[in-house]
Amino acid sequence: MANNTKTNEFHKEQNKEEMKKQLITFAAMIIFTVIAFLIVGTGIMSKMMAIPLLLIMALIQVAFQFYYFMHMKDKGHELASIMIYGGVWAAILTVAALTLVIWW
């Protein structure tokens with residue numbers, strides 16, 4: 001019975017840490033979104049600076065979505081990870097090929 005109590009305590013602590021990480025990630029994503037709206041809404045940056053910054057913040061948010069909210073960091077999600085990364089790679093190749101065809 002004591003072993004079961006220790007296991008329950010371990011799972012409670014693990015769930016508490018997971019929820020803490022998700023809340024921090026969610027808050028960071030909200031902050032990135034507010035920053036993006038401020039950059040675009042106020043026009044405080046030139047387009048040459050704003051567009052790369054917005055793209056970098058978007059990539060960070062995508063990574064947060066994958067790893068924390070879609071649980072890609074957890075065990076048992078290897079097949080889903082391979083499929084998503086394969087799709088991203090196919091999209092990159094498609095955009096690169098179309099860009100090459102259009103610009104050449």
Inset, instruction - Evaluate 2.2 N^0.38 Å with N set to the residue count of segment 1-51, then give the Cα radius of gyration divided by it. - result: 2.09
Inset, instruction - Please work out whether the chain counts as rounded, prolate or oblate from its C-alpha gyration tensor, where a ≥ b ≥ c are the square roots of the eigenvalues and a/c under 1.5 means rounded, while otherwise a/b larger than b/c means prolate and anything else oblate? - result: oblate
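Values in this text are rule-based calculations from the coordinates and carry no lab data. A quick note: this is a predicted structure, and the numbers were derived from the prediction, not measured.
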